[in-house]
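K.L.:
Shown below is the structure under consideration.
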Amino acid sequence: MHRTEDVLATLGMVRQHKLDVRTVTMGVDLYPCASPDINELCDRIRARLTKYAGRLREVCVEVEGRYGIPIVNRRIAVSPIAGVAACHTSEGYLAVARTLDEVVAEVGVDLVGGFTALVQKGWTDGDRRLIEVLPEVLSTTKRVCASVNVGTTAAGINMDAISLLGHVLKDAAERTRSHDGFGCAKLVIFGNAPNDNPFMAGAFHGVGEPDCVINIGVSGPGVVKAAVEDLVRNAPLRPTLGEIAEEIKSTAFRVTRVGELIGREVAARLGVAFGIVDLSLAPTPQVGDSVGEILQAMGVKRLGGPGSTAALALLNDAVKKGGAFASSSVGGLSGAFVAVSEDSALAAAVESGDLTLAKLEAMTAVCSVGLDMIAVPGDTDAETLSALIADEVAIGVINHKTTAVRIIPVPGKAAGERAVFGGLFGEMIILPIHAAGGSTDFVRHGGRIPAPLSSLRN
Amino acid sequence: MYNYVVTVTAADRVGIVHSVTGTVRDEGGNVLELSQTVMRGFFTIILAAEFPERLDPRVLEAAIIEKGRKYKLTVAVIEAEANPAPSPVVNGERFILTVLGNDNPGNIHGIAGCLAERGVNIVDLHARADGPIFSLVMEAFLPQDLSPGDVRVALENFGKGLGLEAFVQHENIFLATTETGPVRVGATSNSPEGAAVAPH
């Protein structure tokens with residue numbers, strides 16, 4: 001007999017604290033689709049995605065019913081399209097984007113990631129064409145998500161690509177002006193991008209992955225927050241931070257196990273490989289589903305104030321440790337996301353003036369992802385955006401971790417005004433960029449920032 | 001060998017298990033399986049034992065009462081078949097059914113009725129009322145052609161107007177979140193007696 005307390009504790013995570021499987025992401029290798037004929041390429045992509053993902057929706061519904069765990073999103077990640085369509089013109093890349101947009105809608109998937117180029121050490125003509133068409137792709141498709149990996153610890157940082165991406169962001173924002181530059185929310189610029197990240201917008205099916213794989217993104221900021229709150233409220237003495245870390249670890253264990261179970265079951269039913277479970281605390285704008293609220297439960301009442309970085313470091317580390325004990329298949333990003341507009345507590349801290357861009361950058365040194373879902377003034381020049389990207393990628397490259405930038409220069413709006421992206425993307429007050437406009441010469445040097453000494457490990 | 005099932009109920013005191021199993025041993029029996037619980041101050045035990053010779057259940061019953069006289073035991077003994085009938089649901093899977101909400105007279109009766117109509121076999125159940133709050137957790141085998149969603153809908157229909165919420169979840173979710181071994185998928189056991197683990 002299962003202990004009633006255990007049953008009710010697990011049920012409570014779902015029922016009261018919003019534990020869910022945030023995404024079941026099917027990774028599909030599209031390299032076998034390559035063809036010099038663009039129509040053939042698109043036909044092959046359509047056939048291959050339909051073959052693998054045709055039953056994804058149905059199977060997810062079955063598994064959801066079997067375990068009573070909500071599966072919020074079903075998504076597809078494909079091989080970096082820069083390589084799949086390497087021999088094609090810009091028009092060819094656009095045709096592939098439109099095909100992806102259509103076919104994932106047909107199989108009942110809300111987003112597809114992998115309109116991607118990996119240019120950390122240099123770029124091919126195909127990579128460059130893909131990056132150049134990004135503004136059009138991001139503004140004319142609904143479901144296509146893009147990413148560009150511009151740096152790795154092994155290769156250094158491609159400043160030529162970063163320089164171009166500053167202009168891409170400006171263009172994509174302008175083309176989606178009526179939606180506060182929302183096109184930029186579908187573009188992630190990475191350092192040390194993981195090959196198996198299931199979370200959008202940065203998911204792609206990396207080199208070295210099998211034909212088809214199921215990766216899982218579990219979330220659960222609400223569960224972790226509830227656990228910390230219970231500990232603080234009910235402990236006979238004020239718990240130490242070590243005790244809080246232990247509580248987060250054991251909660252992360254349970255959350256990870258839920259993800260692995262769902263992932264293995266979906267993969268088994270579809271007859272494909274199970275890949276990884278990514279235990280990332282991914283917030284939504286709903287109150288109670290916030291990473292910021294976890295830090296507040298730990299005692300940091302003013303998010304962005306002193307203590308925020310240390311608390312986030314503790315949280316991120318404890319989550320990873322709990323996940324690592326739970327499963328040998330933990331991958332992706334597996335940490336805490338500080339996606340500002342998507343996190344009601346972080347957005348409120350920006351509004352109150354407590355949380356600044358500089359503090360966010362510091363916080364990203366100790367957690368997963370990076371400067372995520374941050375609205376900045378629309379008149380920010382492209383080079384300043386590029387320099388901001390370079391700063392964030394440098395943090396990842398030097399520290400052997402993933403960092404990323406998903407930043408939105410909101411057209412026609414200034415710091416202090418509100419940007420509204422809607423739905424799970426939330427809203428926030430536009431953050432000013434301190435000392436903007438002085439980085440142009442640095443960015444225009446171009447070239448590559450060499451790989452750090454710590455990359456020479458062989 | 002001859003098999004008997006013994007049930008004993010009494011106000012909870014230290015030493016009842018010792019007394020009952022001692023009598024079984026003294027009468028020549030060997031305990032095969034035993035389950036005991038205490039609920040609201042009352043002790044209850046069910047045990048299965050085998051004996052080399054056939055005996056009159058009333059004799060064993062009287063012996064247990066007599067040796068446990070100070071505990072004021074209520075005892076019942078029945079003779080069981082050596083090879084019990086197979087489980088009513090032989091190909092089903094084990095699910096955990098949870099019902100939470102307001103306490104009402106007839107909650108358990110109504111829930112059990114929903115399940116019986118659909119061929120669901122309850123194998124373990126714990127329910128309690130804490131003031132106005134009712135909670136029930138049971139393990140049950142669902143026939144293979146019955147979806148957990150259908151059971152949940154039936155329970156929710158019953159609970160509508162009574163302030164009850166129902167959840168039907170495969171037991172693997174609870175194994176995954178409470179055990180440290182490898183995560184299991186598929187059926188963990190295909191009968192109440194079995195324990196086959198599907199590879200993954």
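K.L.:
Of all residues in the range A:263-292, which are touching a helix residue (DSSP H, G or I) at 6+ places or on another chain (Cβ under 6 Å) and surrounded by 24 or more Cβ atoms within 10 Å (Cβ to Cβ)?
P.N.:
A:265, A:266, A:277, A:279, A:281, A:283, A:289, A:290, A:291, A:292
K.L.:
Return yes when residue A:263 is farther than 26 Å from residue A:242 by Cβ, away from every other protein chain (no Cβ under 13 Å) and modelled with pLDDT of 95 or more and no when it is not.
P.N.:
Here the answer is no, as residue A:263 does not meet what is asked.
K.L.:
Considering the range A:220-260 alone, what residues qualify as being without any contact (Cβ under 8 Å) to a residue 60 or more places away in the chain and β-branched (Val, Ile, Thr)?
P.N.:
A:240, the sole residue that qualifies.
K.L.:
Please give the strands (runs of 3 or more DSSP E) falling wholly within the range A:349-423 in which 2 or more residues are within 24 Å of residue A:300 (Cβ to Cβ).
P.N.:
A:370-377, A:403-410
K.L.:
Among the residues that make up the range A:118-141, is at least one of them within 30 Å of residue A:265 (Cβ to Cβ) and touching a Ser or Thr at 6+ places or on another chain (Cβ under 9 Å)?
P.N.:
No, the range A:118-141 contains no residue that is within 30 Å of residue A:265 (Cβ to Cβ) and touching a Ser or Thr at 6+ places or on another chain (Cβ under 9 Å).
K.L.:
Looking only at the range A:424-435, count how many residues are outside any helix (DSSP H, G or I) and either within 17 Å of residue A:338 (Cα to Cα) or among the aliphatic types (A, V, I, L, M) (or both).
P.N.:
Here the count works out to 8.
K.L.:
Can you tell me which of B:181, B:159 is of a type in the set (Gly, Ala, Ser), at pLDDT 90 or above and out of contact with any Pro (no Cβ under 9 Å at 6 or more places or on another chain)?
P.N.:
B:159
K.L.:
Something else: Could you tell me whether any residue of the range A:2-15 is under 22 Å from the mean Cα position of the chain (by Cα) and of a type in the set (A, V, I, L, M)?
P.N.:
Among the residues of the range A:2-15, not one is under 22 Å from the mean Cα position of the chain (by Cα) and of a type in the set (A, V, I, L, M), which makes the answer no.
K.L.:
Can you tell me which residue among A:447, A:438, A:416, A:426 is of a type in the set (Gly, Ala, Ser) and closer than 21 Å to residue A:149 by Cβ?
P.N.:
A:447
K.L.:
Tally the residues that are in a helix (DSSP H, G or I) and within 11 Å of chain B (Cβ to nearest Cβ), restricting the search to the range A:266-290.
P.N.:
Residues flagged as in a helix (DSSP H, G or I) and within 11 Å of chain B (Cβ to nearest Cβ) within the range A:266-290 amount to 4.
K.L.:
Quick check on the range A:344-367: of everything there that is under 21 Å from residue A:332 (Cα atoms) and buried (at least 23 other Cβ atoms within 10 Å of the Cβ), which residue is modelled with the lowest pLDDT?
P.N.:
A:367
K.L.:
Looking at (1) closer than 20 Å to residue A:241 by Cα; (2) within 14 Å of chain B (Cβ to nearest Cβ), which is the one condition that is false for residue A:327?
P.N.:
(1)
K.L.:
Just checking, does the range A:368-383 include any residue being at positive phi and at pLDDT 95 or above?
P.N.:
Checked against the condition, which is being at positive phi and at pLDDT 95 or above, the range A:368-383 yields at least one hit.
K.L.:
State whether one or more residues within the range A:366-373 are in contact with a Gly (Cβ under 9 Å, 6 or more places away or on another chain), more than 20 Å from residue A:279 (Cα to Cα) and not aromatic (Phe, Trp, Tyr).
P.N.:
Within the range A:366-373 (the criterion being in contact with a Gly (Cβ under 9 Å, 6 or more places away or on another chain), more than 20 Å from residue A:279 (Cα to Cα) and not aromatic (Phe, Trp, Tyr)), the answer is no, since none of the residues qualifies.
K.L.:
Where residues in the range B:18-59 are among the aromatic types (Phe, Trp, Tyr) and farther than 14 Å from residue B:5 by Cα, which of them is surrounded by the fewest Cβ atoms within 10 Å (Cβ to Cβ)?
P.N.:
B:42
K.L.:
Mind checking which residues of the range A:41-55 are closer than 20 Å to residue A:95 by Cα, out of contact with any helix residue (DSSP H, G or I) (no Cβ under 7 Å at 6 or more places or on another chain) and either touching a residue at least 40 places away in the same chain (Cβ under 8 Å) or surrounded by 14 or more Cβ atoms within 10 Å (Cβ to Cβ) (or both)?
P.N.:
If the condition is that a residue be closer than 20 Å to residue A:95 by Cα, out of contact with any helix residue (DSSP H, G or I) (no Cβ under 7 Å at 6 or more places or on another chain) and either touching a residue at least 40 places away in the same chain (Cβ under 8 Å) or surrounded by 14 or more Cβ atoms within 10 Å (Cβ to Cβ) (or both), then A:43 is the only one that fits.
K.L.:
Moving on. Determine whether residue A:190 is more than 13 Å from the chain's Cα centre (by Cα) and buried (at least 21 other Cβ atoms within 10 Å of the Cβ).
P.N.:
Criteria not met by residue A:190.
K.L.:
May I pose another question? Of everything in the range B:131-154 that's of a type in the set (Asp, Glu) and within 12 Å of another protein chain (Cβ to nearest Cβ), which residue is nearest to residue A:8 (Cα to Cα)?
P.N.:
Among them, the one singled out is B:139.
K.L.:
Given the residues B:91, B:121, which is the only one that is in contact with a Ser or Thr (Cβ under 7 Å, 6 or more places away or on another chain), more than 14 Å from chain A (Cβ to nearest Cβ) and within 27 Å of residue B:186 (Cβ to Cβ)?
P.N.:
B:121 is the lone residue from the list that is in contact with a Ser or Thr (Cβ under 7 Å, 6 or more places away or on another chain), more than 14 Å from chain A (Cβ to nearest Cβ) and within 27 Å of residue B:186 (Cβ to Cβ).
K.L.:
While we're looking at this one, here's another question. Pairs needed: first member in the range B:135-161, of a type outside the set (Asp, Glu); second member anywhere, part of a helix (DSSP H, G or I) and surrounded by fewer than 19 Cβ atoms within 10 Å (Cβ to Cβ); C-beta distance under 6 Å; at least 6 residues apart or different chains.
P.N.:
From the range B:135-161, the pairs are B:137/A:4; B:148/A:65; B:149/A:65; B:158/B:110.
K.L.:
Return yes when residue A:155 is more than 24 Å from residue A:26 (Cα to Cα), touching a Leu at 6+ places or on another chain (Cβ under 7 Å), modelled with pLDDT of 95 or more and of a type outside the set (Val, Ile, Thr) and no when it is not.
P.N.:
Spelling it out, it is not the case that residue A:155 is more than 24 Å from residue A:26 (Cα to Cα), touching a Leu at 6+ places or on another chain (Cβ under 7 Å), modelled with pLDDT of 95 or more and of a type outside the set (Val, Ile, Thr).
K.L.:
Restricting to the range A:60-85, name every residue that is away from every other protein chain (no Cβ under 14 Å), under 30 Å from residue B:184 (Cβ atoms) and not basic (Lys, Arg).
P.N.:
A:72, A:73, A:76, A:77
K.L.:
Just one of the numbered conditions (1) in contact (Cβ under 8 Å) with a residue 12 or more places away in the chain; (2) of a type outside the set (Phe, Trp, Tyr); (3) in contact with a strand residue (DSSP E or B) (Cβ under 9 Å, 6 or more places away or on another chain) is not true of residue B:65; which one?
P.N.:
Just one mismatch for residue B:65, condition (1).
Results for (1) free of Cβ contacts under 8 Å to residues at least 24 places away in the same chain; (2) assigned to a helix (DSSP H, G or I); (3) out of contact with any Pro (no Cβ under 7 Å at 6 or more places or on another chain), shown as yes or no for each residue.
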residue	(1), (2), (3)
B:3	no, no, yes
B:34	yes, no, yes
B:38	no, no, yes
B:55	no, no, yes
B:60	no, yes, yes
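The values are calculated or read from the model by the stated rules, or taken from the named source; none is laboratory data. It should be emphasised that the depicted structure is a prediction, and the values quoted were computed from it without experimental measurement. Reconstructed Cβ throughout: ideal geometry from the backbone, glycine too, with neighbour counts over all protein chains shown.
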